[in-house]
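Taking it in order: structure first as structure tokens, then the write-up.
Computed from the coordinates by the stated procedures, all read-outs in this text should not be read as laboratory data. These figures come from a predicted structure and were not determined experimentally. Cβ: placed from backbone, ideal geometry, glycine included. Neighbour counts: every protein chain shown.
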Amino acid sequence: MHLFPGLEWAQELGKRLNALPEYRDSSEKWSGTLVMAVLAEPGKLDKDVAIGLDPTGGLIRDVHLVENHKTAAVDFVLAGKYSFWKGVLNGKHDTLSGVVTGKVRLRGNVFRLMLQLKTPDIIIREMRNLPRLFVDEA
């Protein structure tokens, strides 16, 4: 079990996704790098944690921490408060509705992302299935 948000948790997510034929098939034509930014909240998460993924061509090719999600040279950034992401992992929130309601800020071409929605759906499903320990509960 890995701490969320954290690099080890994200690396395990990448391994799980790469092992899924469904993921490989859905993301075969995916193009674009992605950052998931988990924003700090007093008493819950002390500082922002941004995780970079390169899911181009059907495989998670790289998982790393991103120093500054605001200036990262990537195609998409999804930035939301720690509580929101925790709710996503617990099945209480959905990232698409988070974008629509403003709980998640999206930087990047929303139309391009919408054309590739099956891939993020699988990623979110696996995020929920991945055992984790939340940093505010550790």
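When the chain is treated as a GNM with alpha-carbon contacts under 10 Å, the residue of 55, 120, 42 showing the greatest mean-square fluctuation is 42. Would you mind telling me which residue in 72, 19, 40 has the biggest mean-square fluctuation in a Gaussian network model of the chain, where springs connect alpha carbons within a distance under 10 angstrom? The residue with the greatest mean-square fluctuation here is 19. Stokes-Einstein diffusion for the chain, with the hydrodynamic radius set to the Kirkwood value over Cα pairs and evaluated at 25 °C in a medium of 0.890 mPa s, equals 164 µm²/s. Here's how it looks for residue 66: its modeled amide H is under 5 Å from those of 50, 51, 52, which are all 5 or more places away or on a different chain. The relative contact order of the chain, computed from alpha carbon pairs under 8 Å that lie at least 6 residues apart in sequence, is 29 percent. Modelled spin labels at residue 68 and residue 118, positioned 7 Å past Cα toward Cβ, are 3.9 nm from each other. Dimensions of the stretch 47-89 along the principal axes, based on C-alpha atoms and rounded to the nearest Å, stand at 31, 24, 15, largest first. Compactness of the stretch 1-59, taken as the C-alpha radius of gyration over 2.2 N^0.38 Å, stands at 1.30. In this calculation the C-beta distance from residue 15 to residue 111 is compared with R0 = 25 Å, giving a FRET efficiency of 0.25.
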